[in-house]
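Okay, structure first, notes after.
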Amino acid sequence: MAPSSSLLLGLKLSMGFLAAAWVSFWILKPTKTWKRSWHLAEELANDTFLRDCGLNVVVFCLPVMGLAVLAFIHMHFHQERKQRKQTRSWDAAFSRPIIVKSLIGVISLGELLAVSLFLCFVSWTYYSDVSSDFKKLVSYASLNLNRWQLKVMNLGIRAGTVSEVCLAVMLFPILRGMSFLRIFGIQFEAAVRYHTWIAHAFLWLCTLHGVIIMFIWGQKVLLKEITTWQRVGRVNLAGAIGLIAGLAIWITSLPVIRRKYFQLFYITHHTYIVFIGFFLLHAGEKHFYLVFSGVFLFSLDKVLCFIQSRREVCIVSARVLPCKAVELILPKEPSMKYKPMSTIYLKVPSISKFQWHPFSITSSCYQDENNVSLLIKCQGKWTEALYSKISSIKDEKLDQLKSLIVAFEGPHGPSSSLYERYSNLVLIAGGSGITPFMSLLNEISSRSSSTRSYPTKILLIYCIKRTQDLSMLTPISSLLHPQRSHISVGIVQEGLLWRATVAALSFAIFLVSLVLLSNIFVHQVHGKPNRKAYPSWINELLVLTAFIIAMSCSAVATVLFRHQNSRKEHKDIKYSESTKQKSNYETDQKCSSPIRPEMYFKQRPIFSDVLSDISNESTEDENIGVFVCCPDSMKESVASFCKGNPKIDNCKNGSSSSFVFHSVNFSL
């Protein structure tokens with residue numbers, strides 16, 4: 001039964017309230033009123049079973065966890081609604097490109113507003129903290145500093161404080177299965193650049209924090225501070241180790257190094273565990289609670305992805321295309337659903353036991369419920385090795401192909417199909433950029449006879465440099481999936497309701513474990529924790545222990561759920577016959593195809609002319625969805641047109657059309 005509009009509205013209002021509460025806490029945190037009230041609240045909490053640690057978790061973590069849980073529930077119910085969602089005027093306005101040519105690519109109005117608000121908030125936090133510190137400068141007993149040195153020292157300290165704002169949101173964009181940003185239509189691949197922006201700002205602030213403090217310390221004090229493990233208070237050695245780990249991640253993630261030494265980038269990026277661990281030891285548990293919601297969701301996401309990726313499957317079939325690309329057909333469970341333009345992460349243990357690479361799905365879950373297709377073009381050492389391995393298998397050695405073991409994790413994609421909002425679509429692809437559009441075209445074709453509204457006109461513009469690249473279109477030249485001669489066990493994907501359940505359950509276990517451990521091991525004197533009686537790392541150890549308990553419980557619950565779900569799936573699966581596939585194909589062929597392809601070889605189309613012609617063909621006022629997946633120069637050309645021509649009037653019938661720009665990041 002489809003959910004009611006009032007239920008979805010209630011979920012949206014609840015999510016808005018939690019988001020507003022979390023942001024309000026951060027805005028008020030640097031103020032004097034908050035600091036006085038917060039100290040009083042902690043003292044009152046210490047008189048209860050909750051303790052101050054529980055209060056910090058409830059205030060700074062509960063709103064985000066509640067938002068994530070409600071977002072998963074909303075996305076689940078939203079998928080059950082069948083009516084078509086129209087594009088609102090403010091959706092089109094926020095998607096409009098504002099900055100076209102920049103070092104960070106095309107920036108829309110929505111992105112520009114979000115970045116501006118974030119910078120204003122960071123500036124406000126820094127100014128408020130620094131101005132408060134300057135009014136009451138306190139000299140350090142171990143340092144003989146004059147007034148200007150104290151001020152510079154406080155500037156460095158507050159740079160570290162502001163960096164916590166970046167860390168609090170830095171991990172949200174790179175969540176995969178636990179990503180609640182999909183409710184805003186943000187795909188994982190597109191959100192990675194938000195993570196990159198925030199990470200650059202975060203590491204700049206961390207570096208500034210460390211350099212200023214070490215400069216003020218001087219040579220003598222510096223050696224003493226970073227070689228001593230402080231029993232109480234800040235552990236400076238832990239901060240130095242965390243900074244080194246962060247700089248290593250930062251340097252190896254630069255495009256020049258990442259593209260040339262991907263293995264080094266991949267391994268170094270996993271030292272985030274070292275960085276987060278030493279951040280906890282350096283900053284202390286109370287500062288860690290400020291960023292803990294992102295760390296918790298990210299860790300939970302990694303646990304779920306790890307469990308899912310442990311299942312390995314055999315390749316159903318594969319074929320080599322003349323453009324040095326490989327099409328892989330992998331088995332999946334019928335219950336695994338995904339939206340067009342989704343991606344999955346693939347690992348081939350015979351090539352590398354550790355490397356995972358993202359690839360765009362080219363099939364539709366409504367086209368074939370038992371298989372999923374990928375189109376992989378050679379553009380690196382790993383893909384070259386895969387191409388060589390597949391192409392070396394001859395027809396008489398097909399058993400070797402079916403014995404080739406792979407593991408995949410996902411799929412990850414948007415929570416809703418943006419293309420369904422438009423009657424007219426323009427898909428602009430260059431080279432390998434055609435891959436994310438294949439799943440979209442396959443879904444539209446396979447469901448064109450259904451009662452659900454889909455685009456009626458689709459213009460596909462495909463630009464290539466070599467004639468061999470025409471073979472990239474082979475997977476969408478026919479809707480008939482190759483007949484399966486072998487079916488192996490597929491991958492089971494947890495649903496959105498399960499993600500909401502495991503997120504709520506694991507967070508509740510963490511909070512209960514932390515409160516219980518604090519009451520058992522941390523003794524109080526006159527209603528306050530006796531912090532002088534034990535080292536400060538005891539608190540960090542309790543946080544880590546509660547965290548491990550929560551992650552372990554979520555892992556066990558997920559394994560049990562997958563085992564039960566897998567058994568149920570194997571009882572219910574009925575593989576469709578090839579004759580049934582043929583009849584479905586013939587039915588789809590009778591439907592008039594809405595796709596009108598245009599090919600451009602060794603030249604780029606004049607996008608202003610092409611898009612203007614599309615506007616003249618429209619018969620009523622409507623938005624035209626422009627989805628672009630191509631090199632940056634082509635993307636900038638299309639974005640420039642959409643920026644300069646947000647609405648075009650049709651001289652023939654007096655209607656006007658608005659072009660809504662969508663940039664699609666593809667995975668190869």
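The values are calculated or read from the model by the stated rules, or taken from the named source; none is laboratory data. Bear in mind the structure is a predicted one, so any value in this text is a computation, not a measurement. Glycine gets a Cβ as well: all are built from the backbone with ideal geometry, and neighbour counts include every protein chain shown. Accessible surface is based on the protein model in full, side chains and every heavy atom, while ligands, DNA and RNA are left aside. Shrake-Rupley method; radii C 1.70, N 1.55, O 1.52, S 1.80 Å.
Consider segment 28-48 and keep the residues that are open to solvent by less than 70 Å² (accessible area, probe 1.4 Å) and touching a residue at least 40 places away in the same chain (Cβ under 8 Å). The one that is nearest to residue 125 (Cα to Cα) is 30.
Does residue 145 meet the test of being surrounded by 15 or more Cβ atoms within 10 Å (Cβ to Cβ) and outside any helix (DSSP H, G or I)? Considered against the rule, which asks whether it is surrounded by 15 or more Cβ atoms within 10 Å (Cβ to Cβ) and outside any helix (DSSP H, G or I), residue 145 comes out as yes. With the requirement that a residue be among the charged types (D, E, K, R) and modelled with pLDDT of 85 or more, what does segment 325-353 give you? Of everything in segment 325-353, those that are among the charged types (D, E, K, R) and modelled with pLDDT of 85 or more turn out to be 327, 347. Within segment 290-316, if we keep just the residues that are closer than 14 Å to residue 356 by Cα and hydrophobic (A, V, I, L, M, F, W, C), the residue that is surrounded by the fewest Cβ atoms within 10 Å (Cβ to Cβ) turns out to be 306. Go through the residues of segment 364-376 one by one and say whether even a single one is farther than 28 Å from residue 498 by Cβ and open to solvent by less than 10 Å² (accessible area, probe 1.4 Å). Checking segment 364-376: at least one residue is farther than 28 Å from residue 498 by Cβ and open to solvent by less than 10 Å² (accessible area, probe 1.4 Å). Where residues in segment 487-521 are in contact with a Cys (Cβ under 7 Å, 6 or more places away or on another chain) and within 28 Å of residue 336 (Cβ to Cβ), which of them is modelled with the lowest pLDDT? Only one residue fits best here, namely 488. I'm checking my understanding of the structure. Among residues of segment 99-114 that are open to solvent by 40 Å² or more (accessible area, probe 1.4 Å) and over 19 Å from residue 630 (Cβ atoms), which one is modelled with the lowest pLDDT? Ranking the candidates gives 109 first. Take the residues in segment 384-420 that are hydroxyl-bearing (Ser, Thr, Tyr) and open to solvent by 20 Å² or more (accessible area, probe 1.4 Å), then tell me which one is modelled with the lowest pLDDT. My answer is 416. Scanning segment 155-186 for residues that are polar (S, T, N, Q) and either touching a Pro at 6+ places or on another chain (Cβ under 6 Å) or under 23 Å from residue 357 (Cβ atoms) (or both) yields one hit, 179. Going by the conditions given, is residue 119 open to solvent by 30 Å² or more (accessible area, probe 1.4 Å), in contact with a Phe, Trp or Tyr (Cβ under 8 Å, 6 or more places away or on another chain) and either under 23 Å from residue 64 (Cβ atoms) or in a helix (DSSP H, G or I) (or both)? No; evaluated as a whole, the condition is false for this residue. Is it true that residue 242 is out of contact with any strand residue (DSSP E or B) (no Cβ under 8 Å at 6 or more places or on another chain) and either free of Cβ contacts under 8 Å to residues at least 60 places away in the same chain or among the β-branched types (Val, Ile, Thr) (or both)? Here the answer is yes, as residue 242 does meet what is asked. Restricting 286, 260, 302 to those that are closer than 24 Å to residue 26 by Cβ and among the charged types (D, E, K, R) reduces the list to 286. Here residue 471 meets the list (1) open to solvent by 20 Å² or more (accessible area, probe 1.4 Å); (2) modelled with pLDDT of 65 or more; (3) touching a Pro at 6+ places or on another chain (Cβ under 8 Å) almost entirely, failing just condition (1). Within the option set 68, 2, 45, 92, being among the small types (Gly, Ala, Ser) and at pLDDT 90 or above holds for one residue only, 68. For segment 324-341, the set of residues classified as open to solvent by less than 30 Å² (accessible area, probe 1.4 Å), under 16 Å from residue 475 (Cβ atoms) and touching a Cys at 6+ places or on another chain (Cβ under 9 Å) consists of 325, 326, 330, 341, listed by residue number. Checking residue 86 against (1) touching a strand residue (DSSP E or B) at 6+ places or on another chain (Cβ under 9 Å); (2) at pLDDT 75 or above; (3) over 17 Å from residue 190 (Cα atoms), which single condition isn't satisfied? That leaves (2) as the condition not met.
In this structure, residue 191 qualifies as within 8 Å of the chain's Cα centre (by Cα) and among the small types (Gly, Ala, Ser). Selection of helices (runs of 4 or more DSSP H) fully inside segment 220-305 by the criterion of at least 2 residues being among the β-branched types (Val, Ile, Thr) and more than 30 Å from residue 501 (Cβ to Cβ) returns 236-252, 255-260, 262-269. It is to be established whether one or more residues within segment 166-184 are at pLDDT 90 or above, in contact with a Cys (Cβ under 7 Å, 6 or more places away or on another chain) and in a helix (DSSP H, G or I). For segment 166-184, residues at pLDDT 90 or above, in contact with a Cys (Cβ under 7 Å, 6 or more places away or on another chain) and in a helix (DSSP H, G or I): absent.
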